[in-house]
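K.L.:
Structure below; questions to follow.
What follows is calculated from the coordinates using simple rules that are stated; it is not laboratory data. On a predicted model such as this, the values are computed, not experimentally measured, just so you know. Reconstructed Cβ throughout: ideal geometry from the backbone, glycine too, with neighbour counts over all protein chains shown.
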Amino acid sequence: MLTRLRNNINKIIIKIAKICQKLRITPNYITLLGLILSLLAIPSALFKNYPLLFLIIVVSSFMDVLDGAVARLNNQITTFGGVLDSVCDRIEELLFLFSLYFVGIDMPLLFIAFAISYTISYLRALGEIRGVKMEGIGLLERSERIILIAITILLLMLIDASVTFLSISVYEIPIILLIILGTITMIQRILYLYHKLQKTK
């Protein structure tokens, strides 16, 4: 079922990528558009506009997938494009996470979540600089982290603020999951890098 869903989503992405190709919209333009859109996350959270915040996260994340599809379709995969995409991803994730502070999530929790997310991405960069392919290594890649942030917003929209689970606010559960699964992912990537780099000695 998940495979079928993923295939259907990929078909939609390819169709939109072809439209972008016809309109001569470049991958870097899409990347920057996603970044500009993500700048609205914190104002949306400040005004407690949860549906808009959710939409911003979904559309901005979709653009992150779309820019890669357009780059492959146009054969425009460049080193600078990869760097720009990576930098924008980090900024967007920072904005999405810290927008949650304005809806009631504790700052220390968000800081830990971002530190873990950043370290996961940094480990991938370190590995790939050394020729180790890191894509798909670990439980929690960027897409899964964004999904957990989006789930937090959905909970804010659907559940009363007083609801708790084991004395923990239900809104904080996805972020706590992000921290736990992110920590496991860091360990997985460190061990994977260790084994791969040992073989190159």
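K.L.:
Which of the DSSP-defined H helices in the chain satisfy a minimum axial length of 27 Å, computed from C-alpha atoms, and a minimum mean Kyte-Doolittle hydropathy of 0.5? Display every interim value, and only then the final one.
P.N.:
Working: long enough: 2-22 (30 Å, -0.02); 50-73 (34 Å, 1.65); 79-99 (30 Å, 0.83); 107-129 (32 Å, 1.36); 173-199 (39 Å, 1.19).
Span-like helices, by this rule, are 50-73, 79-99, 107-129, 173-199.
K.L.:
Summing +1 for each Lys or Arg and -1 for each Asp or Glu, what net charge is found among the other residues whose Cβ lies under 12 Å from the Cβ of ILE91? Numbers along the way, then the final one.
P.N.:
Working: positive: ARG90; negative: ASP64, ASP85, ASP89, GLU92, GLU93.
Combined, the nearby Lys, Arg, Asp and Glu give -4.
K.L.:
Next question, about the same structure. At R0 = 45 Å, how high is the FRET efficiency between THR119 and LYS15 if r is their beta carbon distance? Nearest 0.05 is fine.
P.N.:
So the FRET efficiency works out to roughly 0.80.
K.L.:
If you don't mind, another one. For the chain, what is the calculated [θ] at 222 nm in deg cm²/dmol (nearest 500), taking -39500 (n - 2.57) for each run of four or more DSSP H residues and dividing by its residue count? Please list the in-between numbers first.
P.N.:
Details: 8 runs with 151 residues, N = 201.
After summing the helix terms and dividing by residue count, I get -25500 deg cm²/dmol.
K.L.:
In terms of Cα to Cα distance under 18 Å, which lysines are near enough to LYS11, apart from those fewer than 8 places away along the same chain?
P.N.:
Cα-Cα hits under 18 Å: LYS22.
K.L.:
Let me ask something additional. Given axes a ≥ b ≥ c from the Cα gyration tensor, I'd like to know whether the chain is rounded (a/c under 1.5), prolate (a/b larger than b/c) or oblate. Display every interim value, and only then the final one.
P.N.:
On the way: a/c = 1.87, a/b = 1.16, b/c = 1.61.
Since a/c reaches 1.5 but b/c is at least a/b, the shape of the chain is classed as oblate.
K.L.:
On to the next question. Going by a ≥ b ≥ c, the root eigenvalues of the Cα gyration tensor, does the range 69-110 fall in the rounded group (a/c under 1.5), the prolate group (a/b larger than b/c) or the oblate group?
P.N.:
Numbers: a/c = 6.09, a/b = 3.35, b/c = 1.82.
Note, shape of the range 69-110 comes out prolate.
K.L.:
Does the range 104-201 classify as rounded, prolate or oblate by the C-alpha gyration tensor (a ≥ b ≥ c root eigenvalues; a/c under 1.5 gives rounded; else a/b over b/c gives prolate, otherwise oblate)?
P.N.:
Details: a/c = 3.27, a/b = 2.89, b/c = 1.13.
Here the range 104-201 falls in the prolate category.
K.L.:
Right, next: What number comes out for the charge environment of GLY34, summing +1 per Lys or Arg and -1 per Asp or Glu over other residues with Cβ under 13 Å away? Write out the running numbers ahead of the final one.
P.N.:
On the way: positive: ARG90, ARG142; negative: ASP64, ASP67, ASP85, ASP89, GLU92, GLU93.
Result for the local shell: -4.
K.L.:
Of all alpha-carbon pairs in the range 1-103, indicate the percentage at a distance above 18 angstrom.
P.N.:
Numbers: 2727 of 5253 pairs.
Every Cα pair in the range 1-103 considered, those over 18 Å come to 52 percent.
K.L.:
Taking 8 Å as the Cα distance limit and 6 or more residues as the minimum spacing, I'd like the relative contact order of the chain as a percentage.
P.N.:
Details: 199 pairs, mean separation 43.7, N = 201.
Across the chain, relative contact order equals 22 percent.
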